[in-house]
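Visitor: Can you keep this structure in mind? I'll have questions shortly.
Please treat every number below as a calculation from the coordinates, not as lab data. Keep in mind it's a predicted model, so treat the numbers as computed, not measured. As a convention, Cβ positions derive from the backbone with ideal geometry for all residues, glycine included, and neighbour counts pool all protein chains shown.
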Amino acid sequence: MPDPEPLAYAHRGKPYSAETQLTLDTGSLIAERGRSRQVFALDRIERIRLAFTPRNTARLAFTCEVRAADGRSVRFDNLSWKSLIETERLDRDFRAFVLALAARARAANPATRLEAGVTRLRHRLMLVFGAGLVLALIAAAVIAAGKGSALVMLFAIGLAAYLGFWLRDFLIRNRPRSFTPEVPPEGVLPAP
């Protein structure tokens with residue numbers, strides 16, 4: 001069986017920052033940014049985590065974090081900043097690179113954990129605090145309605161609806177779970 005072809009992926013994680021260049025070859029993941037260069041042996045990768053990470057400028061943003069057994073990590077996403085206000089979506093390349101990385105890392109080390117979503121603790125905390133905030137906004141709307149302040153009531157209801165929609169989407173997509181390279185996790189990767 002021939003060795004798989006090397007794959008490359010590059011993105012700029014922040015406006016006006018150095019580009020992160022990733023190369024996935026037969027036995028390693030190479031991450032370069034500016035003068036920094038890290039090499040992750042695929043058989044030493046202990047975890048790959050995929051997450052839905054919406055930002056103020058892009059609702060459909062996704063992140064991949066790779067953590068090695070020695071504690072080093074690299075994080076990259078599907079957006080590349082072109083300027084202070086313009087981003088480029090690299091959905092197809094990001095998805096292909098992440099799935100190839102997961103498959104090769106799992107083949108090199110069957111103990112590699114492939115995780116989707118956020119940690120259980122973070123998921124629960126966001127659920128509790130987010131639900132509390134939505135309920136507080138609804139209570140504020142009820143109080144404002146009782147005092148005859150229609151503008152404040154409408155503002156609180158609108159904000160509660162927006163936050164509730166955003167929170168629901170975030171929590172559903174980022175529920176903690178594991179995955180296999182053959183069955184990609186939906187919600188934390190761009191659509192094919």
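Visitor: What length, rounded to one decimal in nm, is gained on full extension from A191 through to A111, with 0.36 nm per residue of separation minus their alpha-carbon distance? Don't skip to the answer; put the middle values down first.
Guide: Numbers: separation 80, 0.36 × 80 = 28.80 nm, distance 2.71 nm.
That works out to 26.1 nm of additional length.
Visitor: Using only Cα atoms, what is the ratio of the radius of gyration of the range 36-138 to 2.2 N^0.38 Å? Don't skip to the answer; put the middle values down first.
Guide: Numbers: Rg = 16.5 Å, N = 103, 2.2 N^0.38 = 12.8 Å.
Here the Cα radius of gyration is 1.29 times the empirical estimate.
Visitor: Mind checking the angle between helix 120-146 and the chain's longest principal axis? C-alpha axes, 0 to 90 degrees, to the nearest 10.
Guide: 20
Visitor: Once fully extended, how much extra length lies between V183 and R120, figured as 0.36 nm per residue of separation less the alpha-carbon to alpha-carbon distance?
Guide: Difference between extended and current length: 20.6 nm.
Visitor: If you average 1/r across every pair of different Cα atoms in the chain and take the reciprocal, what Kirkwood value do you get, in Å?
Guide: Values: mean 1/r = 0.0539 Å⁻¹.
Taking the inverse mean of 1/r over all distinct Cα pairs, the chain comes out at 18.6 Å.
Visitor: A follow-up question, please. What is the distance, in nm, between label points placed 7 Å from the Cα along the Cα-to-Cβ direction at T26 and at I138?
Guide: My value for the distance between the label points is 6.0 nm.
Visitor: To the nearest 10 degrees, how steeply does helix 91-108 sit against the main Cα axis of the chain, on a 0 to 90 scale?
Guide: Long axis of 91-108 versus the principal axis of the chain: about 50 degrees.
Visitor: Rounded to the nearest 10 degrees, what's the angle between the helix 150-173 long axis and the longest principal axis of the chain, both from Cα atoms, 0 to 90?
Guide: On a 0 to 90 degree scale, this one is about 30.
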